[in-house]
2 protein chains.
Amino acid sequence: MNTMKRDRQFRPLPVPSVDIHGLFGDRQEAICDTTAEMLLDRCVEAGMLDAIDTSKPSPGIVIPIQPWGGTTQMFWDSDLGKSIETVAYSLYRRKNPELEARVDEIIDMYGKMQDEDGYLNAWFQRVQPDRRWTNLRDHHELYCAGHLIEGAVAYFQATGKRKLLDIVSRYADYLIKTFGRGEGQLRGYCGHEEIELALVKLARVTGQKKYLHLCKFFIDERGTEPHYFTEEAIRDGRDPANFIQKTYEYSQSHQPVREQRKVVGHAVRAMYLYCGMADIATEYNDDSLTAALDTLWDDLITKQMYLTGGIGPAVSNEGFTDYYDLPNESAYAETCASVGLVFWASRMLGRGPNRRYADIMEQALYNGAMSGLSLDGKTFFYENPLESAGNHHRWIWHPCPCCPPNIARLLASIGSYMYAVSDDEIAVHLYGESQARFDIGGAKVRLAEKTHYPWDGAIGFDVTTDRTTRFAISLRIPEWADGVTLKVNGETIDLASVTIDGYARIDRDWTSGDHIDLDIPLAPRALFANPLVRHDAGRTALMRGPMVYCVEATDNGDGLNGIRLTSGVSQTTMAELKDLGGAVALDVPASRDKADWGDALYRTKPPETEEATVRFVPYPFWDNRSPGEMLVWVRAGERNDA
Amino acid sequence: MNTMKRDRQFRPLPVPSVDIHGLFGDRQEAICDTTAEMLLDRCVEAGMLDAIDTSKPSPGIVIPIQPWGGTTQMFWDSDLGKSIETVAYSLYRRKNPELEARVDEIIDMYGKMQDEDGYLNAWFQRVQPDRRWTNLRDHHELYCAGHLIEGAVAYFQATGKRKLLDIVSRYADYLIKTFGRGEGQLRGYCGHEEIELALVKLARVTGQKKYLHLCKFFIDERGTEPHYFTEEAIRDGRDPANFIQKTYEYSQSHQPVREQRKVVGHAVRAMYLYCGMADIATEYNDDSLTAALDTLWDDLITKQMYLTGGIGPAVSNEGFTDYYDLPNESAYAETCASVGLVFWASRMLGRGPNRRYADIMEQALYNGAMSGLSLDGKTFFYENPLESAGNHHRWIWHPCPCCPPNIARLLASIGSYMYAVSDDEIAVHLYGESQARFDIGGAKVRLAEKTHYPWDGAIGFDVTTDRTTRFAISLRIPEWADGVTLKVNGETIDLASVTIDGYARIDRDWTSGDHIDLDIPLAPRALFANPLVRHDAGRTALMRGPMVYCVEATDNGDGLNGIRLTSGVSQTTMAELKDLGGAVALDVPASRDKADWGDALYRTKPPETEEATVRFVPYPFWDNRSPGEMLVWVRAGERNDA
């Protein structure tokens, strides 16, 4: 396969530059209809506005972080920040003056609360003012700042209103004074990464490089010796060894980031760190960071990722364990972690299109991430197991409500993950019915994408330009697709000759009326796991396009582990499911263990089997009808009688 | 199958009446060599003797029960009681004046510590003297009494020394005054059952029915309303609803015991309760208890038991969860719980031989229980999973050291589980090289059992009597055995005509020189689990005789889930393993996934397979060579490519 030099700089298309229809359009409609407002409602119910309302008394203390409960929490600013961000994206799609007014009110509160020096944090201004910057390791202080910045950037882009952007810029200016290698400055960084990627967004929207520099400082300092968290603990009179996770791997601060080779610790923290590293790699063309990230990427993708793009199997550290340890029923695979993987993958595309990242971005987006939000936008998964005995069901809210706004802000801003642009190239990373507007080579270009992807692989692009301009359009050719065809203005393109890093790159003069036809066959395929994944041995999982499939009790009855795929997917038929947003189901002939086994728990005769047709539905759409058993990895093979 | 009326009363043969050789002899040798002394050493190291030494200051408080640690614990008396019991049984087998002197010293301390009223408890005399009888639900107070009683009975039988027996009798007399339905008495019972079965032992050894009455009181009161634990909590100023497990099911006190239909809660507690119930059913010929026990037995055996006789899958309550919830790798299946199941099964035989109980007793004994002790008697499993990724290994000791003395006292007293006797019948429940002495029908009878069981199914009995006497000998014919043959003095007995409840009952005049030949073919067999056990779907487990088999990495390399039994057990060959105490290994042709899969985590091509011979070893003997992967339920079937 051809490759390109990696000194290019691709940046995501701003969210307002893309109109979304199709599957993602439906999800965005649900967010506009329901989720965005609900996020604010739930933040209010939890007491988050009281926490930042300086006209009210301090919300008071409160057990920090654990146990969850209706108590003020150190990371509430982050929930508000992500909720504001979601609302902002929803306003791009659909005006909602009432919702906008509610956010303006929150912004006013933050304005009033902000310290004269620029500092802004509900917990450390209102609950424990004497504890500012005393425990970067555990206190989520810069993490909260990061989410407020992200919210501010999105809200500015959505509404043109600068107030929150100005507030967080003042805060960031204060951070620049506070953190650094100079006399009296703190050489620290946050135990929960997030501020890094937020500062890059702030730099991009304000054009202020100083925020990039602070981000790079946090990245460069992380994990260096003498260890900041250790010295900080001693200064604070705490035992540096006595903390919940007892390892700096938990916060990826066990080594300088360029020396890290293994994806470890808390999954969301890891993803957010890698996002910041990738952004800095792009902005500074920093090959040392890119090299570390490529090693970490391989480590994650080849040893630690569920087929769904779920990551972080363990609840104990909300994160990574041993290689190939991917239990299905007890999978933690937090929605936020898959969202974070999408974020990271998207940023790995900053130095040029490469399906090595984009294929995984799509896989994590459609499966491990999108499963976190119900079709109606009203309920949420925190954990995303690949098997359920029927005891998993999306909930209305969570005491640690990180996932709801995280999946909502991702889906509401999906346009910026679909399209990216450099000086002379448009990259189409994800497909879906949409219109995208670009400024490239001095021209205004519009791509109108017509498709029913991911349910159908026929994709057409109509190009409109204000003048004929030379640039490249790079279209991802998924690695899983066989028999892809590409035509420009009706003329077949030899894919092999134009494909670079898995993208068909059409570099030519483009003019209005040009048309691209891309056809990506979506044949169902049976996947197998590396034998080192003991949990999936002898099992197979179905995919079609980017979508992982599963069986649910609501279609197939209980006893899903009694299903055996005896003839693969060769005789699959498809059906459109009206009650699942037009999703395509796969009906597959299979063998099933008969239920009439009798009372014995064990016996020497294997279960009798019968032929059956089993219905597979897209994994992200499970638990949208009735709760019950669910299974991704079904048994493969012909007979189970030894 | 013929059945007998259940108004008979069988009692286990006293431990000193049986000499043990063969496999159990080896285990007892290890206990005499090592375990018995080690138990005392570890109790001393933990500080248990300081806790009862009244010449020393109170050991002081201390977080009760949780978290475990090197702190005084409420249930230390029970650890000492079980250790004394183990030492006592070891002294039957082999005199050890030094060990006996150490126990005498402990007994002297208990004698000095005992309150004038008879009360005896290290924690509530030395640490929290004002808390006596304030929280029967959580404080293990009567549980500790029970284990001291069991230790006293065993030590008296072993040495003839009455001191500890007198101490605990005084304590039991005090309990009779304290507990009851009279004015000023407590109508309570212990949250952790144990005192019940201990009182039966005390009654049997002393001939004092009053101890049976107290046991029956505890059984009858349990779970009645108004609920003792609720009233006690209110009296004590505690919120009755606020306790760790938040359900009286945890302690099987959610209903009167005769109304209980489902095995619930903490597994060891459940087993010990059922033991007490079964003893009372035997002693009082109480059909209402027997009926409840039979329902509970079915519930456990048909819905909640691992193939190994492990019970209680969950760590969260150390107990039972949902029906058919039997995860293999995360199985709790505490050694103590399987020991408790052996205890219960043994007592279900009190009303007559029945293989319905004895088969399970043997299965739990050989597998889930015996796996708890290493072959050298030096290390212990607390949990007994049926699959390991290599991260399970027996430990030297445990902060909650209930399992080590529990499995040790069971194995050291195994003779009393092998043989039982009524007025006119000897029952042989378990087979193994041994000599047993009976008083029956006024005669002294000796059975000399010659066999290499469980490795070989040929079993011979030489009968010696001091005079010709009529009685029955009932020999268990395991349900799993095909083609069993039985001869008396060379003459073949028609099994169908003499088998009652799964026992061949030979009722005749017995005289010295009589000889019985029983042959139980031990063909390896492949077992399958009820399809409702989702964890075992498409899998098979091998057994031979009572022994469950497993594969270990030390014999087969890693990747045990890559093994598929393709032709069952028909081509099995056997090998004797010198390094595993002469255990018989099964070498079985199988197919294995090849390791040369490459780097990808997932792909559309199934793993290639190769033919291999796989070695299965007895499950209880796993982790006696080197730590590593282990698996009981291997994949069954021919191909895994869908």
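The values are calculated or read from the model by the stated rules, or taken from the named source; none is laboratory data. The structure presented is a predicted model; accordingly, all values stated were derived computationally and were not measured. Note that we place each Cβ from the backbone using ideal geometry, even for glycine, and neighbour counts take in every protein chain shown.
Within the set A:THR308, A:THR290, A:THR302, the sole residue that is within 13 Å of chain B (Cβ to nearest Cβ) and surrounded by fewer than 23 Cβ atoms within 10 Å (Cβ to Cβ) turns out to be A:THR302. Right, A:GLY180: without any contact (Cβ under 8 Å) to a residue 40 or more places away in the chain, over 21 Å from A:ASP79 (Cα atoms) and under 28 Å from the mean Cα position of the chain (by Cα) or not? No, not satisfied. The set of residues in segment A:183-202 that are small (Gly, Ala, Ser) and in contact (Cβ under 8 Å) with a residue 60 or more places away in the chain contains only A:GLY191. Evaluate segment A:582-601: report whether one residue or more is within 30 Å of B:VAL569 (Cβ to Cβ), exposed (fewer than 15 other Cβ atoms within 10 Å of the Cβ), in contact (Cβ under 8 Å) with a residue 12 or more places away in the chain and not hydroxyl-bearing (Ser, Thr, Tyr). Looking for residues that are within 30 Å of B:VAL569 (Cβ to Cβ), exposed (fewer than 15 other Cβ atoms within 10 Å of the Cβ), in contact (Cβ under 8 Å) with a residue 12 or more places away in the chain and not hydroxyl-bearing (Ser, Thr, Tyr), one finds at least one in segment A:582-601, hence yes. Restricted to segment A:550-631, the set of strands (runs of 3 or more DSSP E) holding at least 2 residues that are over 30 Å from B:TRP297 (Cα atoms) and more than 10 Å from chain B (Cβ to nearest Cβ) comprises A:573-577, A:583-593, A:609-618. Taking the criterion of being surrounded by fewer than 24 Cβ atoms within 10 Å (Cβ to Cβ) and at the interface with another protein chain (Cβ under 7 Å from one of its Cβ atoms), the only residue of segment A:534-549 that qualifies is A:ARG534. Restricting attention to segment A:459-506, the residues that are in contact with a helix residue (DSSP H, G or I) (Cβ under 8 Å, 6 or more places away or on another chain) and part of a loop (DSSP other than H, G, I, E, B) total 7. For segment B:522-554, a tally of residues being under 25 Å from A:GLY598 (Cβ atoms) and either of a type outside the set (D, E, K, R) or touching a Cys at 6+ places or on another chain (Cβ under 9 Å) (or both) returns 22. A single member of A:ALA345, A:ALA337, A:ALA333 is small (Gly, Ala, Ser), within 17 Å of the chain's Cα centre (by Cα) and in a loop (DSSP other than H, G, I, E, B), and it is A:ALA333. Only residues that are of a type outside the set (Val, Ile, Thr) and within 30 Å of B:ASP424 (Cα to Cα) were counted in segment B:341-399, giving 24.
Condition check: more than 27 Å from A:CYS402 (Cβ to Cβ) and out of contact with any strand residue (DSSP E or B) (no Cβ under 6 Å at 6 or more places or on another chain). Does A:LYS209 satisfy that? Yes.
Pairs linking a residue in segment B:535-549 that is assigned to a strand (DSSP E or B) to a residue that is of a type in the set (D, E, K, R), with Cβ atoms under 8 Å and 6 or more positions apart or on different chains, are B:ARG539/B:ARG635; B:THR540/B:ARG635; B:LEU542/B:ARG525; B:MET543/B:ARG525; B:ARG544/B:ARG525. Among residues of segment B:129-183 being basic (Lys, Arg) and surrounded by fewer than 22 Cβ atoms within 10 Å (Cβ to Cβ), the one that is farthest from B:SER251 (Cα to Cα) is B:LYS161.
All of B:GLU259, B:GLU232, B:GLU225 fail the test of being surrounded by 15 or more Cβ atoms within 10 Å (Cβ to Cβ) and acidic (Asp, Glu), apart from B:GLU232.
Scanning segment A:553-592 for residues being closer than 16 Å to B:LEU532 by Cα and charged (D, E, K, R) gives a total of 3. When segment B:13-30 is limited to residues that are within 14 Å of B:TYR431 (Cβ to Cβ) and surrounded by fewer than 21 Cβ atoms within 10 Å (Cβ to Cβ), the one that is nearest to the chain's Cα centre (by Cα) turns out to be B:GLY25.
If you check B:SER316, B:SER330 for being touching a residue at least 40 places away in the same chain (Cβ under 8 Å), surrounded by fewer than 24 Cβ atoms within 10 Å (Cβ to Cβ) and not assigned by TED's automatic domain parsing to the domain that holds B:HIS535, only one passes: B:SER330.
Scanning segment B:450-488 for residues that are more than 17 Å from B:ASN354 (Cα to Cα) and of a type in the set (Ser, Thr, Tyr) yields B:THR451, B:TYR453, B:THR464, B:THR465, B:THR468, B:THR469, B:THR485. Which residue is farthest from the other protein chains (Cβ to nearest Cβ), if the candidates are limited to segment B:313-355 and must be among the polar types (S, T, N, Q) and under 30 Å from B:THR499 (Cβ atoms)? Of everything passing the filter in segment B:313-355, B:SER346 is farthest from the other protein chains (Cβ to nearest Cβ). For segment A:367-376, what are the residues that are surrounded by 24 or more Cβ atoms within 10 Å (Cβ to Cβ) and closer than 11 Å to A:ILE407 by Cα? The answer is A:GLY368, A:ALA369, A:MET370, A:SER371, A:GLY372, A:LEU373.
Looking only at segment A:512-533, which residues are hydrophobic (A, V, I, L, M, F, W, C) and at the interface with chain B (Cβ under 10 Å from one of its Cβ atoms)? Listed by number, the residues that qualify are A:ALA526, A:LEU527, A:PHE528, A:ALA529, A:LEU532, A:VAL533.
Tell me, please, whether a residue that is surrounded by 19 or more Cβ atoms within 10 Å (Cβ to Cβ), touching a residue at least 60 places away in the same chain (Cβ under 8 Å) and closer than 19 Å to A:SER434 by Cα can be found in segment A:457-468. Checked segment A:457-468: at least one residue is surrounded by 19 or more Cβ atoms within 10 Å (Cβ to Cβ), touching a residue at least 60 places away in the same chain (Cβ under 8 Å) and closer than 19 Å to A:SER434 by Cα. Residues that are over 19 Å from A:MET348 (Cβ atoms) and of a type in the set (A, V, I, L, M, F, W, C) within segment A:284-335 comprise A:LEU307, A:ALA314, A:VAL315, A:LEU326, A:ALA331, A:ALA333, listed in sequence order. Only a single criterion out of (1) surrounded by 20 or more Cβ atoms within 10 Å (Cβ to Cβ); (2) touching a residue at least 60 places away in the same chain (Cβ under 8 Å); (3) within 14 Å of chain A (Cβ to nearest Cβ) is not satisfied by B:LEU410, namely (3). Restricting attention to segment B:124-150, the residues being outside any loop (DSSP other than H, G, I, E, B) and in contact with a helix residue (DSSP H, G or I) (Cβ under 7 Å, 6 or more places away or on another chain) number 14. Determine, yes or no, whether B:GLY568 is modelled with pLDDT under 95 and closer than 23 Å to B:MET361 by Cα. Criteria not met by B:GLY568.
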